[in-house]
Amino acid sequence: MRSADRAQDGGRRAEMHVGSGVDERAVAIVGGGPTGLMLAGELALAGIDVEIVERRTNQEVEGTRARGLHSRTIEVLDQRGIADRFVSEGQPLQIQTFAGVRLDLSDFPTRRNYGLALMQNRFERILANWVEELRVPVAREREVTGYAEDDGGVVLELSDGRPLRAAFVVGCDGGRSQIRKSAGIGFPGWEPSVSSLIAEVEMSEEPAWGMRHDENGTQALGPLEDGKGVGLVVTERYAGQTSRPTLDDVRRAVTAVWGTDFGLRSAAWISRFTDATRQAASYRRGRVLLAGDAAHVHYPVGGQGLNLGVQDAVNLGWKLAQVVDGTSPESLLDTYHSERHPVAARVLQNTMAQTTLARSDARIDALRGLMADLLGLDEPRKRFAGMIAGLDIHYDLGEGHPLLGRRMPDLDLTTAGGATSVFALLHRARPVLLNFGTPGRFDLVPRTDRVRLVDAEYGGRWELPVFGEVTAPPAVLIRPDGHVAWVGSVSGSTDDPGLTQALATWCGSPTLR
């Protein structure tokens, strides 16, 4: 039975022997936000028996949270054939910024050379509908109250009294992750320096619309979509603010910045966040893995958090599926940390830099002005835009062709089955060996159930964002996450030692099944 068929039949249960009264899953995901949902979808596509444990009653999100998707996130949704669901409900815009400087990527070589303005609550609802189509069960209004791990798996005690045993558990439960703490994974980083209040409120007076910077950071007032409410962000120096914020806190903070509260009378919701910046020491400990905010937290400048988490899930999902399925050894999971930890570390660095540049004094204003001049030049603009959009990610897979370890361009292809595109070939989340040379020169008989072989033609340019044009290769092995794992030579065949090694590393050994 193929993986897509197994997904429709509800997947495969973990091979564990436990006593009665304990539910079993191959994978339990704690946290049903963007990261957890994306990971569940990835696992379900591979036919893995997965369940989400979520404390919320439904997919509603308090407040606005994340406000959009960056280009690479839209691409990974394209790789699963669902991007248009999101694009149809959002607004394509050039939303990439660095320290307030807008970064246009409309000239980037990608179909999705834009960002997408889309509130997190709408994003989650669309993603949850996809996960529901894949028949992933969600245990709502449940929290983890107990945790025990052994060589065969992890047992989670849930708040409804139900034990849940899984071969692997993935913590997608946010910056205060209970799973991370229970697994004893360190969360080193930098303490907060500023505290920001974000709220949707009503004011009886016309506020001073717009954004400003002062010695504390960003201060902003803007109209909401309904034309009645006001969205605000007020930043002050961190002084141990930990209690749940109140309307009086907002009133005091607004008055401190603008000299008046503009007749502030009510709030639909209020939230507080800081620039605390932390990253898990390891993304994996035994049978526990971390993704999204459970693995990294940072100030939300640049709107990179949700995007980073979704891309964590796409990197992890197929690897975890192959390990659970028995086609790859557990050591494959170590590449999740080695690939994604540096990506998040770079995001932490750029958000700390942007947080500093959001403040205002003579010296910082001078630096911000120099950065604006620099980013007005073509090459720096492309470099920073590619970084924020996630289009320049390069996993270290060794020396070789510039494509190795980078995202595969979404080329328009001609095949024996008709016209298609690279991303369309990835909809089932399986590796693809794409051959542009003589048809029939590759033999994948031992792995035909796991690797799709496609003979194709493409006569256009090969160009990567930021890097530029590259030499057209005669063949490439593309991982399910869209990154290139092997680039062939003119004389390449299945006997190529580089391909043999890449297939064994990323697609498993035929002897493991």
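Starting from the Kirkwood radius over alpha-carbon pairs of the range 82-189, derive D by Stokes-Einstein at 20 °C in a medium of 1.002 mPa s and give it in µm² s⁻¹. All intermediate terms of the calculation are to be shown ahead of the outcome.
On the way: Rh = 17.7 Å.
Stokes-Einstein gives a translational diffusion coefficient of 121 µm²/s.
I'd like the accessible area for residue 119, computed on protein heavy atoms only with a 1.4 Å probe and all protein chains in place. Round to 10 Å², please.
We get 50 Å² for residue 119.
Relative contact order (percent) for the range 53-178, with alpha-carbon contacts under 8 angstrom and 6 or more residues of separation?
Answer for the range 53-178 is 26 percent.
Given an 8 Å cut-off on Cα distances and at least 6 residues of separation, report the relative contact order of the range 260-364 as a percent. Mind dumping the intermediate values first?
Numbers: 84 pairs, mean separation 29.9, N = 105.
So the answer I get is 28 percent.
Would you mind calculating the gained length between residue 143 and residue 349 on full extension (0.36 nm times residue separation, minus the Cα-Cα distance), in nm to one decimal? Present the calculation step by step, with values, prior to reporting the outcome.
Values: separation 206, 0.36 × 206 = 74.16 nm, distance 3.23 nm.
Extra length from residue 143 to residue 349 when fully extended: 70.9 nm.
For a paramagnetic label modelled at 7 Å from the Cα of residue 212 toward its Cβ, which residues of the range 332-369 fall within the zone defined by backbone nitrogen distances under 15 Å?
The answer is 359-361, whose backbone nitrogens lie closer than 15 Å to the label point.
Rank-order 173-180, 71-78 by packing density, defined as the average count of other C-beta atoms within 10 Å over each peptide's residues, highest first. Walk me through the numbers before you get to the answer.
Details: 173-180: 21.4, 71-78: 25.9.
Top to bottom by mean Cβ count within 10 Å: 71-78, 173-180.
Length gain on complete extension for the stretch residue 504 to residue 85, per 0.36 nm per residue less the alpha carbon to alpha carbon distance?
Extra length from residue 504 to residue 85 when fully extended: 147.3 nm.
Once you keep just the Cα pairs under 8 angstrom separated by 6 or more residues, what percentage relative contact order results for the chain?
On the way: 1048 pairs, mean separation 84.1, N = 513.
Relative contact order, the chain: 16 percent.
Sort 144-154, 391-401, 196-206 by the packing proxy (mean of other Cβ within 10 Å over each peptide's residues), most packed first. Show your work: numbers first, answer last.
Values: 144-154: 14.8, 391-401: 16.4, 196-206: 18.0.
Going by the mean number of other Cβ atoms within 10 Å, highest first, we get 196-206, 391-401, 144-154.
Using just the C-alpha positions of the chain as equal point scatterers, what log10 of I(q)/I(0) does the Debye formula give at each q in 0.07 1/Å?
Evaluating at q = 0.07 Å⁻¹ gives log10 I(q)/I(0) of -0.40.
Determine the distance separating the Cα centre of the range 29-69 from the Cα centre of the range 266-318; give it in Å without decimals.
That distance is 13 Å.
Just how far, in whole angstrom, is the range 347-396 from the range 466-480 if you go by their alpha carbon centroids?
Using only Cα atoms, the two centres lie 28 Å from each other.
The values are calculated or read from the model by the stated rules, or taken from the named source; none is laboratory data. Computed from a predicted model, the values in this text were never measured in an experiment. In this analysis, Cβ positions are derived from the backbone assuming ideal geometry, glycine residues included, and neighbour counts consider all displayed protein chains. Just the protein is used for accessible areas: all its heavy atoms, side chains included, with ligands, DNA and RNA removed. Shrake-Rupley method; radii C 1.70, N 1.55, O 1.52, S 1.80 Å.
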